[in-house]
Amino acid sequence: MTPTPRDTPHRPEDQVYDSSPWWAGLGPIGAVVLIVGGVAWAVWSFLRPPGDAQVQAMGYYRASRFIAIGLVIGGTALLGWMRDRASKAAEGAAGDPEQGEE
């Protein structure tokens, strides 16, 4: 990578910053993986030998965060899929030649 010369003007529009969260591009398969992983983490926290209650509570908290993020991603993907399906059905009904004008 070549360094930019000092005499070139600073152009902030050329800089791209990704401000999306880490889970934004996972999709429905990633959502299922997060949900299953969160459930496995919760089961692991439950079956772990007794110890510090705060450590066990943090395990449940982290597992619940993974499950919640997975449910949000999965629900969003499901709603998008249903919206696409409904719009395709509406387009098909609008262009149906059997519904002639009377």
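Table: residues versus (1) modelled with pLDDT of 85 or more; (2) part of a helix (DSSP H, G or I); (3) loosely packed, with under 10 Cβ neighbours inside 10 Å; (4) polar (S, T, N, Q).
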{"site": "Pro3", "(1), (2), (3), (4)": "no, no, yes, no"}
{"site": "Pro21", "(1), (2), (3), (4)": "no, no, yes, no"}
{"site": "Ala40", "(1), (2), (3), (4)": "yes, yes, no, no"}
{"site": "Gln56", "(1), (2), (3), (4)": "no, yes, no, yes"}
{"site": "Ala63", "(1), (2), (3), (4)": "yes, yes, no, no"}
{"site": "Phe66", "(1), (2), (3), (4)": "yes, yes, no, no"}
{"site": "Ala89", "(1), (2), (3), (4)": "no, yes, no, no"}
{"site": "Gln99", "(1), (2), (3), (4)": "no, no, yes, yes"}
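Let's see how each residue does on (1) out of contact with any strand residue (DSSP E or B) (no Cβ under 9 Å at 6 or more places or on another chain); (2) surrounded by 10 or more Cβ atoms within 10 Å (Cβ to Cβ); (3) modelled with pLDDT of 80 or more:
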| site | (1), (2), (3) |
| --- | --- |
| Tyr17 | yes, no, no |
| Gly27 | yes, yes, yes |
| Val33 | yes, yes, yes |
| Arg48 | yes, yes, no |
| Gly59 | yes, yes, yes |
| Gly70 | yes, yes, yes |
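The values are calculated or read from the model by the stated rules, or taken from the named source; none is laboratory data. The shown structure was predicted, so the numbers you read here are calculated from the model rather than taken from an experiment. Methodologically, a virtual Cβ is constructed for each residue, glycine included, from the backbone with ideal geometry; neighbour enumeration extends over all protein chains shown.
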